[in-house]
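The values are calculated or read from the model by the stated rules, or taken from the named source; none is laboratory data. None of the values given here were measured: they were computed from a predicted structure. Positions of Cβ are generated from backbone atoms using ideal geometry, with glycine treated the same way; all protein chains shown enter the neighbour counts. Side chains included, ligands, DNA and RNA excluded: accessible areas come from the protein's heavy atoms. Shrake-Rupley method; radii C 1.70, N 1.55, O 1.52, S 1.80 Å.
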Amino acid sequence: MSADVINKAFLATEEEFLSLVKNQWLHKPQIASVGACCLVGVVCSGVLYIANAGDSRAVLGRLERAIKEIKAVQLSYEHNASIESVREELHSLHPDDPHIVVLKHKVWRVKGLIQISRAIGDAYLKRAEFNREPLLARFRLPEPFNKPILKAEPTILVQKLYPEDQFLIFASDGLWEHLSNQEAVDFVRSCPRNGVARKLLKAALREAAKKREMRYSDLKKIDRGVRRHFHDDITVIVLFLDSNLVSRSSFRGPLISIKGGYGVSGNGNT
């Protein structure tokens with residue numbers, strides 16, 4: 001296991017999907033506008049690898065023994081044009097394109113179309129051959145491009161795990177729109193492990209309802225397609241770390257204890 005292995009896995013997945021787009025282009029051209037963020041976590045021999053392409057986020061819950069509290073440690077950062085460093089990266093990669101990022105309806109978007117700068121798929125912003133008819137007009141750019149606008153390469157963090165590292169939260173941006181890193185960590189710490197991811201998702205939906213000055217029960221009654229206007233789709237996975245297994249690098253069994261589960265809001269996740 002290494003960062004290079006993970007990077008190659010991302011790129012292999014990307015190439016397979018772009019091949020699928022090419023094969024389906026004449027029959028299903030809209031598949032060229034389909035993409036997904038990708039967040040990966042691997043624990044191997046006491047080392048944690050976090051790879052991210054898109055705007056999902058991984059957060060670690062770490063015990064601070066001096067104060068006997070569990071603190072949130074963000075392990076990934078989002079590739080979202082709303083972040084200044086991401087816009088700077090895009091400008092550096094596309095110095096001849098003054099419209100690589102556009103402020104549209106008070107939201108920064110890549111080419112005025114999409115907020116994320118990295119993803120698997122979204123072939124219409126990777127290869128010019130897919131940015132033409134019969135793709136829907138709203139995805140087509142007025143000018144040709146000769147190199148990919150979006151990237152599939154992830155940013156990768158590699159660090160050793162310690163006994164103080166208690167659990168990991170992997171979640172799409174829909175969760176982090178309503179809960180801070182520390183709020184999510186505090187929630188997981190205070191709940192029984194079983195089903196905690198689903199409960200965390202529910203906590204985010206309650207916050208979404210509160211912001212709209214409505215009850216959670218009423219929010220749940222809204223049709224899924226319409227509910228997208230009230231909150232983004234949410235996926236959550238919580239992994240609890242077994243420090244005894246993590247520290248035994250020669251152990252040949254599973255190095256991680258997975259409890260709880262996942263939660264999906266029902267809006268169609270990527």
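Sparse packing (at most 15 other Cβ atoms within 10 Å of the Cβ) combined with a DSSP loop state is found for the following trypsin sites (Lys or Arg not before Pro) in the range 9-105: R65, K68. Evaluating 6.51 cos²θ - 1.76 cosθ + 1.60 at θ = phi - 60° for every residue in the range 191-202, the Karplus couplings come out as 10, x, 5, 4, x, 5, 5, 5, 5, 5, 4, 4 Hz, glycine and proline recorded as x.
Using a 1.4 angstrom probe with every protein chain in place, what is the largest-first accessible-area order of W25, W108?
On the way: W25 20, W108 80 Å².
Ranking W25, W108 by accessible area, largest first, yields W108, W25.
For D242, the amide hydrogen comes within under 5 Å of the amide hydrogens of S257, counting only partners 5 or more places away or on other chains and with H modelled in the peptide plane. Measuring with a 1.4 angstrom probe and ignoring ligands and nucleic acids, E84 comes out at about 110 Å² accessible. Protection proxy ranking, highest mean first, for peptides 173-179, 12-18: 173-179, 12-18, where packing is the per-residue count of other beta-carbon atoms within 10 Å, averaged. Could you calculate, for the range 16-76, the ratio of the Cα radius of gyration to the Kirkwood radius, expressed as Rg to Rh? Computed over Cα atoms, the ratio is 1.27.
Shape annotation for the range 36-109: C-alpha extents along the principal axes are 49, 28, 21 Å, from largest to smallest.
Put simply, the amide H of N80, placed in the peptide plane, has neighbours under 5 Å in S117, leaving out anything fewer than 5 places away on its chain. Taking only the C-alpha atoms of the range 16-140, Rg followed by Dmax gives 18.5, 62 Å. The fraction of Cα-Cα pairs per 10 angstrom bin, counted from 0 for the range 104-199, comes to 12, 30, 24, 20, 13, 2 percent, rounded to whole percents.
Over all orientations, the range 69-115 has a Cα convex hull whose mean projected area works out to 4.3 square nanometres. Database remark: amide H of V34 closer than 5 angstrom to the amide H of D122, A123 (H placed geometrically; neighbours at sequence offset of 5 or more, or on other chains; Pro and chain starts carry no H). Applied to the range 86-92, the Karplus parametrisation 6.51 cos²θ - 1.76 cosθ + 1.60 on θ = phi - 60° returns per-residue 3J(HN,Hα) values of 5, 5, 5, 4, 4, 5, 5 Hz, with x for Gly and Pro.
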